[in-house]
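Peer 1: Sharing a structure, written as structure tokens. Questions coming.
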Amino acid sequence: MAVSPMQKITLVTSKALLPELLTVLQEDGQVHLNNLKVLDDWQDLEASERGTSKREEEAEAVNLLPQLQKRQEKVQKALTLYQQHLPKKGLVASLTEELPELTFQELEAQGRQFNEQLAVNRASQLNKRLKDLEKEAQTLQADLALLTQWQKLDVLPQGGQDHQVVNVAIGTVPADSIDRYYKALAALPDLVVKRVFSNPQEVGVVVFSQKLSSQADFLDSLAPASFQALDYPFDRLPQEQLPMTSERLKTVQETIQAIRQELTQSQETVDQLKIQLDYLANHSLRETASQNAGLTEHLAAVEGWTETRATAHLQEILKQTFNGLVVMKVADAKDEELDQVPIKLRNHPLVAPFESVTRMYALPKYNEVDPTPYLAPFYWTFFGMMVADLGYGLLVMLATAIGLWLIKGRESLRTTCKFYFSLGLSTAIWGAIYGSAFGFNLPFKLIDTNTDVTTILLISVGLGFLQIMTGLFLNTYQKAKRRDFHEAYANGLAWIFILLGLVAMVLGPMIPGAAWLGTVGQILAAVNAIGIVLSSVIKAKSLGGLGSGLYNLYGISGYIGDFVSYTRLMALGLSGGSIGAAFNTIVAFLPVWARFSIGLLLFVLLHGLNIFLSMLSGYVHGARLMFVEFFGKFYEGGGQPFQPLAPVNQNVQTKVKSEE
């Protein structure tokens, strides 16, 4: 239950074998590779051997990564297009769907054999064709509406404009309940107006007049009636054009339906495109690793880190695959490399879900203690105290248990469910201790939140004291392990004794016959306070250390603030139960008939809100106690995560060779 031990490995092989070596490493999935290009030694070595042909070859290789990324973008675009037309899956179906499982070799083989370009081009063609047809269908529908309105028209607008004897205007005037505009048009002198159609918005008309002016002047004369000339795009009468347009629209709609039908039956193509995405992502990772490798004219080298427990397994794989053509050097991390060692946490299954809290702050450095096993019991306990409701806890446990049963192959989601299941258990236990369930008082309780407030306060501060002592002990252990004995004593062991002494001073007079305990506490606190000052003077080798020692003692005010901070365990636990009880009182005020209708709805909504707010408060304030009061005593963090060259597993669950 700690940071997994790592070893540094260096692999040297012929340049021609580098792609195969990276493929084997990726299949094994246990090596975190370094970028050798940034190391001065490799840069100098490559510069001394690099010639013009070498630069050209390297430039060509560098272009592979953008090409792979472009291919990924095209495949993703095609996949998105197909998925838009597939039946939408519900939440439960999405969670219960298992990713297809392939071996790494099967994934690579399918990726190479799949006609990616054909699938991408087909998707692009269908998409373009579909958009063009949909646009045409919209235009045809607008044309059809126009032709239907004007189907009684027996003269073409274009023909009327060139008439030698009369002026003809075809268009519309606005419609209203009293036909005001139509009557205004009909009232104009020397006009004959024929109504073609009418609807609530407009009236279609044909206007005739003896030709006394140009067509433009004639149209201007109709402006007082708000006449709008018809824009008619066809060279046939509406009754002639209408069946042709209708038939074309039918053909277009049938083609659109056929394309959509093809897209809805593309599940097999979608599945293969998902596999192809993972294949390309894996290829991109190997290409990036290849560019980060150290290269000479004939040799290639990769360097990285692997777990000590996996080293022998890796050696055996390389021996079987390359038969001595790959040289492997293994070394433990040097002191100057400790900050570069990637971090992988390995904890008991009950503790592992709490690694998310550690990661939210920062991973430990390689020479630091993994705080997860120590924060887990405190976070678990504190969260339960701050929510403290048997009903809420059981409800969270039920929801997360269902989630664990439904969710398949998504380890991050399953880990989250395990985390909240554990917190739900703590909430239920503390709810039973406080005798609270959905804001109601249970007939059994160990601590009464109405009368035992002082007891709850003492428990909160006592748990805080225990956590602070744990942090100080861990600080003492870490600093002593690094042989920094001054820090181990002045910022660890001495404060343990001082705080124990102060507690003894408080408890001594309160315990009958134990007054001596107070005296021992005074001596213990005083001796170690003096010890902090003397330790600082000794370290500084002058009286100048006196100031730093006294300043260290001033830190007692910080410890007072820490203990006060733990009172939130009491405050939040009491407030959540009080709010739940208040919600129940609101429902109880309703008439009897309303309690079982609107009252039930209010009960669910209000307690749902209280569950959300209580759990949010428990999560945030619990994290705050870990990060400030606990981590502040011993933990620095700043480690980089262990990110091995491994299969992506975004759309496919890839089985790897590495032993667990």
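Peer 1: Which net charge results for the neighbourhood of G171, defined as the other residues with beta-carbon distances under 10 angstrom from its beta-carbon, given Lys and Arg at +1 and Asp and Glu at -1?
Peer 2: -2
Peer 1: Using only Cα atoms and rounding to the nearest 10 degrees, what angle (0 to 90) does helix 267-292 make with the longest principal axis of the chain?
Peer 2: Value to nearest ten degrees: 50.
Peer 1: Right, here's the next one. Hand me the GluC sites (Glu not before Pro) from the stretch 246-327 located in a DSSP loop with no more than 16 other Cβ atoms within 10 Å, in residue order please.
Peer 2: Listed in order of number, the matching sites are E297.
Peer 1: Give the lysines reachable from K408 as a straight Cα distance under 18 Å; neighbours fewer than 8 places away on the same chain don't count.
Peer 2: K89, K274, K418, K655
Peer 1: What is the packing order of peptides 527-536, 221-230, taking the mean over residues of other C-beta atoms within 10 Å and listing the highest first?
Peer 2: 527-536, 221-230
Peer 1: Enter the angle in degrees (range 0 to 90, nearest 10) between the Cα long axis of helix 116-149 and the first principal axis of the Cα atoms of the chain, meaning the one along which they spread out most.
Peer 2: Orientation of helix 116-149: about 40 degrees from the principal axis.
Peer 1: What do you get for chymotrypsin sites (Phe, Trp or Tyr not before Pro) in the stretch 569-649 restricted to DSSP loop and a cutoff of at most 16 other Cβ within 10 Å of the site's Cβ?
Peer 2: Passing sites in the stretch 569-649 are F589, F596.
Peer 1: Could I ask something else about it? In whole percent, what relative contact order does the chain give with Cα contacts below 8 Å and a gap of six or more residues?
Peer 2: 24
Peer 1: Would you please name the trypsin sites (Lys or Arg not before Pro) within the stretch 435-511 that are DSSP coil residues with at most 14 other C-beta atoms within 10 Å of their C-beta?
Peer 2: R482, R483
Peer 1: Still on this model: Using a Cα-Cα cut-off of under 20 Å, which lysines could be cross-linked to K319, ignoring same-chain neighbours fewer than 8 residues away?
Peer 2: K8, K15, K329, K657
Peer 1: Summing Lys, Arg as +1 and Asp, Glu as -1, what charge do residues with Cβ under 12 Å from the Cβ of E337 carry, E337 excluded?
Peer 2: -2
Peer 1: Using Cα positions and a limit of under 23 Å, work out the lysines in reach of K183, with same-chain residues fewer than 8 apart set aside.
Peer 2: K152, K194, K211
Peer 1: As a test, work out the antiparallel percent of DSSP beta bridges whose residues both lie in the chain, rounded to the nearest 5.
Peer 2: Bridges in the chain that DSSP calls antiparallel: roughly 90 percent.
Peer 1: If you work out semi-axes √(5λ) of the Cα gyration tensor in Å from the coordinates, which of (1) 56, 35, 32; (2) 72, 45, 25; (3) 70, 32, 23 do you get?
Peer 2: (2)
Peer 1: What angle, in degrees between 0 and 90 and rounded to the nearest 10, separates the Cα long axis of helix 494-507 from the longest principal axis of the Cα atoms of the chain?
Peer 2: 80
Values quoted throughout were computed directly from the atomic coordinates according to the rules given, and no laboratory measurement underlies them. Please read all numbers here as calculations on a predicted model, not as lab measurements. So basically every Cβ, Gly included, is an ideal-geometry build from the backbone, and we count neighbours across all protein chains shown.
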